[in-house]
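The values are calculated or read from the model by the stated rules, or taken from the named source; none is laboratory data. Quick caveat, the model's predicted, so the values are computed rather than measured. Cβ placement follows ideal geometry from the backbone for every residue including glycine, while neighbour counts extend to all protein chains displayed.
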């Protein structure tokens, strides 16, 4: 009752200060947000109606609810009037003599704004909602379209596909950071603190803005896209700017997901379910999974390996013979999709779901869309005409206009299409007459033909993977075919990698959305309400469809080094955009250590983030700790999914310099063991005769008295006569030779073990445990050895002590 009285008091205060709903200001409650517009449609208030705090940025040029763009210039309304009914507002745009009608509907948690009519529609290039300017700057959810501080959130949601979240760009692109755009594939620059993907919400010096827009696509446009300065964006019939619609809301930060879910359900937006729960809330959304190629003959082994790791998803990285029609490799799946269904059925009986990796709208040159008769819907950069007749033997072809043909930044296949013939050309003449030089006729199995003067010749857009791409209609068909595959086989996991290929439509992020939407709408209910989906790129409306994103690749450096900062920055992105967290792909090789695996698993627990592990039965069998690694994965994932770790433990595990191990105590409890780890390198030194060549290091033991554990490896050499001396008193002499790519590992006790490069045991050697025992505190460790090599040789030492065991227990049944 007290809270209700407070709200009424605050509301009345706001109304009095604003003229209490006079013609000067029109106030609309949107959940816990009161939005006011003045007589010109400018936003005059964005206030928390429970506290009275106004989050509107007081700009010198306040923005209106809706702008129009005519002849390349934005115009905001000069006046706003209440229409025939109270939910209609008439907006007057004096400069261009255009009238618009916006319907505002109040719902329990939000309001909707819809453009229901506009005069002279053909003259309007686009309509822009906002930008709605706020002074909130703490957390900017650029993709989901929500900004928040610790007390309050303000959000915008596009309510149909043609209403795009963000600020309009000429090619409808959305800003995003691409790891492959850096100077190094290993990782992002340390100077990058935030990676923004999208601009439905945008950070500003003063706070933030929220915006969305709809473009009039009735006319063909020329845009800069896909590394082409000139790219034809064809006209597209999508009902136009009338019907552009958004929702606005304000609420406490912990109510954002509840509000968005209410919007999804009420407004008919995608609302996929996973394990009976909305996928944005489902614990299964962060499930780790195994990436292992399989086929009809190897599926049993792949299922067994997945179960041994305690995982529930098995994913094929590349099952397709072609991209376009998505026929499967005949040797692995002899009966095509039916063979995949047999694999799915086997896996489901064992509690495992299967998935497959796609490259979205990439079309391989062996696909029926290309050969022997190319589909007319292959995406085109642009078109010219033949200047003269050409025969089947002509190798140099004259065209009227080279504009679309001499753009070489993104031109991997150098392919054009004339009629039903694809022709490849080496280059374009630098001056008129414009000649396609040194042509290869009948490329990709198409038929060589004669062609007549003035016949159209089109430059085909391609990708660096040596593939073609789709126009909008073909992309929708192709995505629907992926949907058919999932319906027919029962596959439950997918990644739309290469989703940016849909910029080939000339419609940027809108093309991406239409592609994934076609897949989503093709699904049977039993798939639609039980899938896991990610992609190479997110999107605002797409947010409602995808389950999660999983970025970070293992190919560019060591297990711990490949794109590590990038992976961590992604966690911040996921959190601020209410996306289930994932760490990306990791690769378990035959030389992967338990320590490396547990380093990754601790980060998984820290961020409550799943991951993909690329491996195979053969690699696991080669690794001497293969079974132990799988058991570690099983126990860590079980503990994480059962919410066993405390907030304090998770916070400590976010520090990638700290290491942890998990030991099973019972079926529902574990010991978490923190380690203090330091790494040193004793390098070969060339000194004068008799000069000391040992190295001295400082090791700080933060834990109680115990033996110092170590792993010794070599670089570019083998070593022998190894001596470790502690505090100029205790000395350990190791009578063993460590070869290149071998490891000597000591975990306490009376023996150390020498392993080969794949962690297979070679032999054990005795250790004086007392000589390695350290008290708590700082110690000096001297290292010496004999090197077989003479240049750039070193002995690497990883040394650690264990902290107190921390009992963790299952709090939920995973």
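Before moving on, here are some points about what is shown:
- Scanning region 249-269 for residues that are within 26 Å of the chain's Cα centre (by Cα), touching a residue at least 40 places away in the same chain (Cβ under 8 Å) and not in a helix (DSSP H, G or I) gives a single hit, 269.
- Meets criteria (in a loop (DSSP other than H, G, I, E, B), surrounded by fewer than 22 Cβ atoms within 10 Å (Cβ to Cβ) and in the same structural domain as residue 162 (by TED's automatic domain parsing)) for residue 237: yes
Residue-by-condition table, conditions (1) in a helix (DSSP H, G or I); (2) at pLDDT below 95:
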residue	(1), (2)
6	yes, yes
12	yes, yes
15	yes, yes
22	no, yes
26	no, yes
34	no, no
58	no, yes
69	no, no
85	no, yes
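- Of the strands (runs of 3 or more DSSP E) contained entirely in region 706-795, those carrying at least 3 residues that are surrounded by 13 or more Cβ atoms within 10 Å (Cβ to Cβ) and either out of contact with any strand residue (DSSP E or B) (no Cβ under 7 Å at 6 or more places or on another chain) or on the phi < 0 side of the Ramachandran plot (or both) fall at 709-715, 719-726, 730-734, 743-746, 751-755, 777-787.
- Residue satisfying condition, being touching a strand residue (DSSP E or B) at 6+ places or on another chain (Cβ under 8 Å) and assigned to a strand (DSSP E or B), within set 412, 449, 458: 458
- Residue match in region 531-544 (condition: touching a residue at least 60 places away in the same chain (Cβ under 8 Å), farther than 21 Å from residue 358 by Cβ and either assigned by TED's automatic domain parsing to the domain that holds residue 289 or touching a strand residue (DSSP E or B) at 6+ places or on another chain (Cβ under 7 Å) (or both)): yes
- Checked against (1) more than 25 Å from residue 220 (Cα to Cα); (2) surrounded by fewer than 19 Cβ atoms within 10 Å (Cβ to Cβ), residue 436 meets all criteria but (2).
- Selection of region 46-63 for residues being over 22 Å from residue 203 (Cβ atoms) and either in contact with a strand residue (DSSP E or B) (Cβ under 9 Å, 6 or more places away or on another chain) or touching a residue at least 60 places away in the same chain (Cβ under 8 Å) (or both) yields 49, 51.
- So residue 344, is it farther than 28 Å from residue 621 by Cβ and either modelled with pLDDT of 95 or more or in contact with a strand residue (DSSP E or B) (Cβ under 9 Å, 6 or more places away or on another chain) (or both): no
- Just one of the listed residues (741, 727) is outside the structural domain of residue 626 (by TED's automatic domain parsing) and more than 25 Å from residue 703 (Cβ to Cβ), and it is 741.
- Among the candidates 41, 52, the residue that is at positive phi and surrounded by fewer than 21 Cβ atoms within 10 Å (Cβ to Cβ) is uniquely 52.
- Test: residue 294 is crowded, with 23+ Cβ neighbours inside 10 Å, in contact with a strand residue (DSSP E or B) (Cβ under 7 Å, 6 or more places away or on another chain) and in a loop (DSSP other than H, G, I, E, B): yes
- Conditions (1) within 21 Å of residue 260 (Cβ to Cβ); (2) surrounded by fewer than 19 Cβ atoms within 10 Å (Cβ to Cβ): number failed by residue 532: (2)
- Scanning region 549-559 turns up no residue that is buried (at least 19 other Cβ atoms within 10 Å of the Cβ), assigned by TED's automatic domain parsing to the domain that holds residue 345 and more than 22 Å from residue 614 (Cα to Cα).
- Filter pass, residue 280 being crowded, with 21+ Cβ neighbours inside 10 Å and either touching a residue at least 60 places away in the same chain (Cβ under 8 Å) or not in a loop (DSSP other than H, G, I, E, B) (or both): yes
- Residue within region 497-509 that is assigned by TED's automatic domain parsing to the domain that holds residue 324, assigned to a helix (DSSP H, G or I) and surrounded by fewer than 24 Cβ atoms within 10 Å (Cβ to Cβ) present: yes
- Residue in region 568-577 that is touching a residue at least 40 places away in the same chain (Cβ under 8 Å), in contact with a helix residue (DSSP H, G or I) (Cβ under 7 Å, 6 or more places away or on another chain) and surrounded by fewer than 22 Cβ atoms within 10 Å (Cβ to Cβ) present: no
- Taking (1) free of Cβ contacts under 8 Å to residues at least 40 places away in the same chain; (2) out of contact with any strand residue (DSSP E or B) (no Cβ under 9 Å at 6 or more places or on another chain); (3) closer than 30 Å to residue 503 by Cα in turn, residue 319 satisfies each apart from (2).
- Flag if residue 292 is modelled with pLDDT of 95 or more and closer than 21 Å to residue 532 by Cβ: yes
- Here 102, 124, 70 are screened, and the one residue that is over 30 Å from residue 49 (Cα atoms) and surrounded by 21 or more Cβ atoms within 10 Å (Cβ to Cβ) is 124.
- Taking every residue in region 447-472 that is on the phi > 0 side of the Ramachandran plot and not assigned by TED's automatic domain parsing to the domain that holds residue 230 and pairing it with any residue that is modelled with pLDDT of 95 or more and not in a strand (DSSP E or B), at least 6 positions away or on another chain, the pairs with Cβ-Cβ distances below 8 Å are 466/365; 466/412; 466/413.
- Among the residues listed as 632, 664, 622, the single one being closer than 17 Å to residue 309 by Cβ, at pLDDT 95 or above, in contact with a strand residue (DSSP E or B) (Cβ under 8 Å, 6 or more places away or on another chain) and in the same structural domain as residue 307 (by TED's automatic domain parsing): 632
- Scanning region 365-392 for residues that are more than 31 Å from the chain's Cα centre (by Cα), part of a loop (DSSP other than H, G, I, E, B) and touching a residue at least 24 places away in the same chain (Cβ under 8 Å) yields 371, 372, 373, 374, 375, 387, 388, 389, 391, 392.
- Of all residues in region 517-524, at least one satisfies being part of a loop (DSSP other than H, G, I, E, B) and not assigned by TED's automatic domain parsing to the domain that holds residue 232.
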